[in-house]
Amino acid sequence: MLQKPRGTRDFLPDEMEARRAVEWRLREVARRWGYREVCTPEFEDLELFTMRSGEGIIGEMYVFEDKGGRKLALRPEITAAVIRMYINEAKVAPKPLRWCYYADCFRYERPQKGRYRQFWQFGVELIGADSAIADAEVIMLASDMLNATGVRYDLKVGHLSFVKNLLKDVEPEIQRKIRAQLDKKDFEGLNLTLDSMNKPDLAESLTTLVACQDLNEAFEIAGAIPERERIEQTMGYLDAAKVKYSLNLGIARGLDYYTGIVFEGFADNLGAENQILGGGVYRLAHLFGGDDVASCGFAIGFDRVMVSLGESAGKKDTVAAIVCTPEARNRALDVAKAFRSAGIRTEMDLMGRGFGQQLAHAAKSAAFAVIIGQREVESSEVTLKNLQSGEQKTITLDAAVAEVVASGSRG
RNA sequence: GCCAGGGUAGGGUAGUCUGGUUAUCCUAAGGGGCUGUGGAUCCCUCGACCCGGGUUCAAAUCUCGGCCCUGGCCCCA
């Protein structure tokens, strides 16, 4: 039998409904903040991604050549494409641009819990606003969106200037190494690195800084930071808005184009791949030949959110099953039409089952049975049976529809 | 790329150590009886040893390779 490609998944209706429900909660929050959805191509010029992240990522992408000999790649992330689109299509649009996306991405990596080769990201990008309140808005939105999903998480907020300032006299190569070790909280390796440089007090400052939960203290450790006022303002807005976060000034976020605030979200029940959100302030547009523009954005690892939510994610659709005798089928079709017009998922027997077996099937798949037989045809009513409680009553069609609709809005 | 544990009907499983009858049980699915409560009950049916090589009279079972799954390492844009 044919298997699906490694690291991909099939989604059956139950799971799909759960995913759509969470997806729409995210969309709805983004919409309320004014972030409008955009869509970019599933594949792009390979160059777009190597310009952003370096040649090293080719090994972790789905790269192919098309029939015209173009080097293309399935998108491994969306930010680069969104910024390309901004430069191509929207450079002169009124600022700021508030955009969001929900899209699948592809990475050629070893699958494990919460990591798949095809995975979905829900992200937002705020383009062209360069202020403390802009940074704060994006973080507040991140918090709002994660809250809407119901996932349990920790939000960590940091800023690159602190570590950068402490390391300003260190060679770039070593800087990179130290930042990676701080990000991983690999203090053993960090001490080794610093020992070899003969700077014991730097180690002290760095480890204290990473653990530091107080902004003023952090400024004392890190020394004079030009962005101090903006950082204080941003954090002030977050505190005023009662955003739940903790300070983590060790966050490195891998790549060099991040310039300021950075933040990450972690689920507490996921194992090794527990990061469910990552983002920050970055400058990327100039890489793709645009004018330099400040941007801030984040992406939510949608699949990890779903794994973290587990079984709790699902909310079942209310289903009405029409149960009828063959003679009553035309009337039953009218009844079904009325239920469907009211927005109720309504199903009829297609298997030629007898009355009893229709009901038996309904009991497994529906919340209500709507019974239409000779008696109901004659009285122009329907018998509505609540399949959970077993109660039933013969009432008008309108009353039956109203009752099913009401039960759906409760659920 | 590395390490560990796995892969038996649609789902869940027994059997594997110690090779040997028609591969166990639950569930789901389909057909039939019953024809206004059948979420019951009775009868019937469908359906599996991941793939390939090796050992053997004989392989789900032992062995080698591959594929895939689960978790971890690495990486994580």
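Odds and ends about this structure:
- Each residue of region A:380-386 is assigned a 3J(HN,Hα), and the resulting list reads 6, 10, 10, 9, 9, 10, 7 Hz, derived from the Karplus form 6.51 cos²θ - 1.76 cosθ + 1.60 (θ = phi - 60°), x at Gly and Pro.
- Angle between chain A longest axis and helix A:79-89 axis [Cα atoms, degrees, rounded to 10]: 90 degrees
- Using the rule -39500 (n - 2.57) for each DSSP H run of four or more residues, divided by the residues of chain A, the 222 nm mean residue ellipticity is -13000 deg cm²/dmol.
- Whole-number accessible area per residue in Å² for chain A, which is evaluated in the context of all protein chains at 1.4 Å: 52 Å²
- In sequence order, region A:358-366 has phi-based couplings of 4, 5, 4, 5, 4, 4, 7, 10, 9 Hz under the Karplus curve 6.51 cos²θ - 1.76 cosθ + 1.60, θ = phi - 60°, and Gly or Pro positions carry x.
- With respect to chain A, whose longest principal axis is taken over its alpha-carbon atoms, helix A:397-410 is tilted by about 20°.
- Carbon + sulfur, % of accessible area of region A:137-271 - ligands and nucleic acids excluded, 1.4 Å: 48 percent
- The ellipsoid that matches the Cα gyration tensor of chain A has semi-axes, each √(5λ) in whole angstrom, of 53, 24, 21, with the longest given first.
- The per residue volume of the convex hull around the alpha-carbon atoms of region A:32-103 is 104 Å³.
- Considering only beta bridges that DSSP places wholly inside region A:153-267, some 80 percent are antiparallel.
- The H on the amide N of residue A:277, modeled in the peptide plane, is under 5 Å from the matching H of A:265, A:301, each at least 5 residues off or on a different chain.
- Rounded to the nearest 10 degrees, the angle from helix A:13-32 to the longest Cα principal axis of chain A is 60 degrees.
- Charging the Cβ of each Asp and Glu at -1 and of each Lys and Arg at +1, and nothing else, the dipole of region A:319-410 about its Cα centre rounds to 280 debye.
- Put the Cα centre of region A:251-288 next to the Cα centre of region A:190-225 and the gap is 21 Å.
- For region A:190-203, 3J(HN,Hα) per residue [Karplus equation, 6.51 cos²θ - 1.76 cosθ + 1.60, θ = phi - 60°, Hz, x = Gly/Pro]: 4, 4, 4, 4, 6, 4, 5, 9, 6, 9, x, 6, 5, 4
The values are calculated or read from the model by the stated rules, or taken from the named source; none is laboratory data. Worth saying up front: this structure is predicted, and the values here are computed from it rather than measured. Note that each Cβ is placed from the backbone with ideal geometry, even for glycine, and that neighbours are counted across all protein chains shown. Areas reflect the complete protein model, heavy atoms only, side chains present, ligands, DNA and RNA absent. Shrake-Rupley method; radii C 1.70, N 1.55, O 1.52, S 1.80 Å.
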